[in-house]
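J.: Dropping the structure in here first, questions after.
Here, each number is a calculation from the coordinates, and none is a lab measurement. Being a predicted model, the structure only gives us computed values, none of them experimental. Here Cβ is always computed from backbone atoms with ideal geometry, including for glycine, and neighbour counts include all displayed protein chains.
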Amino acid sequence: MKRSLTALALLIVVLAVGAGGYFYSKQPSRQGMVELQHLQGSVTVRYDERGIPHIRADNETDLYRALGYVHAQDRLFQMEVLRRLARGELAEVLGPKLLDTDKLMRSLRIRERAETYFANLDKQSASFIAMQAYLDGINQYQDSHAKPVEFDVLGIPKRPFTAQDTISIAGYMAYSFAAAFRTEPLLTFVRDQLGPEYLNIFDLDWQPKGVLNGTAPTLASVDWKDLNALARLSEQALADNGLPQFEGSNAWVVAGSRTQSSKPLLAGDPHIRFSAPSVWYEAQLSAPGFELYGHYQALMPFASLGMNRDFGWSITMFQNDDLDLIAEKVNPDNPNQVWYRGKWVDMVTSEQKIAVKGQEPVTLVLRQSPHGPIVNDALSNSVGKTPIAMWWAFLESQNPILEGFYQLNRADTLAKARGAAAKIQAPGLNVVWANAKGDIGWWAAAQLPKRPAGVRPWFILDGSTAEADKDGFYPFSANPQEENPTRGYIVSANFQPASPTGMEIPGYYNLADRGQQLNRQLSDKAVKWDLENSQKLQLGTTTAYGPRLLAPLLPVLREVVSDPAELKLVEQLAQWKGDYPLDSTSATVFNQFLFNLADATMHDELGNDFFETLLSTRVIDAALPRLAASADSPWWDNRDTLGKETRADTVKAAWQASIAHLKTTLGADFTQWQWGKAHTLTHGHPLGQQKPLDLVFNVGPFAAPGSHEVPNNLSAKIGPAPWPVTYGPSTRRLIDFADPTHSLTVNPVGQSGVLFDSHYDDQAEAYIEGMYFQAHLNDEEVAANTRSTLKLLPARAAP
């Protein structure tokens, strides 16, 4: 017995030592000396207390080569899985369950666009040379180091990263903005299958002054089934893989006339799906004539967010609609022809092979009409179905976005920032910018398509008519934009902007409530803004949305609720200000009631699949307050019953379902229904989607304040409690240009994506508690906070 126990103990020790050695071999090397090919001189990389690299080189090419190397140390698997998602290559390593996702991504033609985009790049431009140096740094790291743990688990082979991969990820980013995929099939179904009176609750009208101050194609039932499957697949491709998805954002800038320091103050927090690792990689780059502290995306050599002593910027999502779905009319005598501009035109057909782990490759047949790729071919056999084409600005515009961000990284004047923003064409972004000289500006950066007058692109368009045609793009000068406005501040929060020309700009904009909340506070002339009160504004958890939705329903609830304890909850809701701290019970009751109200009113008309699609769109946010205020809306009747229900009947049923669910989920004691118990944040890793790997790779859960469409936009999907947070501020940045070297920032998880690295999750608790860290810019402070130094040296010639 003793010998057996001793042997077992020795075996455990050997295994532990072996496992320790294995994981140690995967860790980043942040100190010592490394030789790199193609360096012109030595590069110094100093890592601070959060694992942020501060890179100093004698020239720009060496600087970007070093950035690629250190970025790969921390994020190689993220780079790999993102390029595979963008290019439709996930099934090769994750198996058949990802085949439909690959088919969808292939049908978007991102791969083909990347090839033509690359072919047209100026290979002598400074931005191209910088990108190639960055990619060379990534590949040199990959070639000389052990594969990440995830590569071993999934059997991923090493292969070089290319410019086409970088361009493909830019296409994925553009697609992740494209709410049309989920929304247009839904709205068309409501119009054509339920009737136009059911559309009244969806706020589809353009407001010419902004929010701060056709013929229907015939679709068969099989088409509706496929369209909804396409909408669900579009959502799941982004949501189910533990990868970043761009959702919304806050950014504002205050002129020196309104700040304590008399210099501009810039704030930004892009709202992106949470993941481990998080989307942003922070790094400071310094070379003669260039310095930038930036936030970088995987495989992107140029910072999407950045700052230095002279200028800085943040971005939000424009939310303009740059993607149209188009139902084609097929020649009954030739299924490969569609009616286009008065005649039958052949569709172009091509084939692709998709590698699938554990089985033979799958052949995907892709078709393209004159309007664009046929996207529902990705689902199944297309025989007898209406081809749905996709017109997408990303495929149609020149979109020199890499050059745009290269220039934005150097834009210290209004003119330079404006010129850089004009080169960002897809996806649509708001660039909010300031400099230390006192200028502030905002440009809605996108190429807006010229659609025929009267076309309503939030429905599926009829390809046999002229409504699907485009007459080029509007000039950049027609885009919404402001420079140095007299009111002294600019706020961008994904709401519908006012057009300088008065033209309509179709889009799937977020509710105005979040932007209006920020605007109310920023417009207070009695306040002088500084870093301290800006933190409170950025961390705000209040919105007018809940009280606005409840106002017309409170009299109804007082009529239909009879239980004294439940009536007390109703009165608490009547006094509720729409705030979401961790200890709020009203927030919990409201959010459960919100779901049950949607379920009781809309599930019966839409069915399971389209109802799930509705909950994933932005239009549900506008629909529910309008529904609550519309006592005679046809949505109140339950089609599954013989009688005709009134608003009071359905509100009563929704309330009863809410209370029953909360009792089952959180217990019978109403006082224990605190928001933080039901609303939690877990940062999910791609491998953490599979139990029990979630216990190893995921970070969390954490009790989360905030909610959907508050400034601290920690959002969960509308649904029954509990509510796992899906997206929110992907970083929080605050920059006072009186002292930009003491700017504030935070990462939601940590800088590193390497399991068991000390910087894998070292910021996660601070983030959820609303803490900030100083971004080190001064050389003296970088030196004082340096924890390790890595020297990159030119490789010596072989003897």
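J.: How do F590, F595 line up, fewest other C-beta atoms within 10 Å first?
T.: F595, F590
J.: Express in whole angstrom the spacing between the alpha-carbon centres of the stretch 28-89 and the stretch 719-742.
T.: First find each Cα centre; the distance between them is then 25 Å.
J.: Quick check on the exposure proxy: order L94, L364 from fewest to most C-beta atoms within 10 angstrom.
T.: Final ranking by Cβ density, sparse to dense: L364, L94.
J.: Still on this structure: With just the Cα atoms of the stretch 60-99, tell me how far they stretch along each of the three principal axes, in Å, largest first.
T.: Sorted largest first, the three principal extents are 42, 17, 9 Å.
J.: Go ahead and estimate [θ] at 222 nm for the chain from helices alone: -39,500 (n - 2.57) per DSSP H run with n ≥ 4, summed, over the residue count, rounded to 500.
T.: Taking each H run of at least 4 residues, the total per residue is -11000 deg cm²/dmol.
J.: Please express the Cα-Cα pair-distance distribution P(r) of the stretch 274-429 as a list of whole percents, one per 5 Å bin, running from 0 to the bin with the greatest distance.
T.: 2, 8, 12, 14, 11, 11, 11, 10, 9, 7, 4, 2, 0, 0
J.: In what sequence do Y24, Y47, Y69 fall when counting other Cβ within 10 Å, fewest first?
T.: Exposure proxy ranking, most exposed first: Y24, Y47, Y69.
J.: Another question about this same structure. So if the hydrodynamic radius of the chain is defined as the Kirkwood radius over C-alpha pairs, what does Stokes-Einstein give as its diffusion coefficient at 37 °C and 0.692 mPa s, in µm² per second?
T.: The calculation lands on 118 µm²/s.
J.: When the Kirkwood radius is taken over all Cα pairs of the stretch 549-645, what Stokes-Einstein diffusion coefficient follows at 4 °C and 1.567 mPa s, in µm²/s?
T.: 88
J.: If you don't mind, there's one more thing I want to ask. What are the ³J(HN,Hα) couplings of the stretch 677-684, residue after residue, when phi is run through the Karplus curve with 6.51, -1.76, 1.60 and θ = phi - 60°? Round to Hz, x for glycine and proline.
T.: 7, 9, 10, 10, 10, 10, 8, x
J.: Residue by residue through the stretch 598-606, what is 3J(HN,Hα) from phi via Karplus (6.51 cos²θ - 1.76 cosθ + 1.60, θ = phi - 60°)? Round to whole Hz and write x for glycine and proline.
T.: 4, 5, 6, 8, 10, 5, 5, 6, 8
J.: If you don't mind, another one. What ³J(HN,Hα) values, in whole Hz, does the Karplus curve 6.51 cos²θ - 1.76 cosθ + 1.60 give for the stretch 477-487 when θ = phi - 60°, with x put for Gly and Pro?
T.: So the J values, rounded to whole Hz, are 5, 7, 6, x, 5, 8, 9, 6, x, 5, 5.
J.: Let me ask something additional. Can you tell me how much longer the chain between K663 and S758 gets when fully stretched, taken as 0.36 nm per residue apart minus their C-alpha distance, in nm with one decimal?
T.: 30.2 nm
J.: How fast does the stretch 477-573 diffuse by Stokes-Einstein, in µm²/s, taking the Kirkwood radius from C-alpha pairs at 25 °C and 0.890 mPa s?
T.: Answer from the Stokes-Einstein relation: 144 µm²/s.
J.: Could you work out the mean projected area of the convex hull around the alpha carbons of the stretch 425-528, in square nanometres to one decimal?
T.: Projected over every direction and averaged, the Cα hull of the stretch 425-528 covers 8.3 nm².
J.: Length gain on complete extension for the stretch D694 to D640, per 0.36 nm per residue less the alpha carbon to alpha carbon distance?
T.: Contour length minus the Cα-Cα distance gives 15.4 nm.
J.: A498 to D530: FRET efficiency via 1/(1 + (r/R0)^6), r the Cβ-Cβ distance, R0 30 Å, to the nearest 0.05?
T.: Efficiency at R0 = 30 Å is approximately 0.55.
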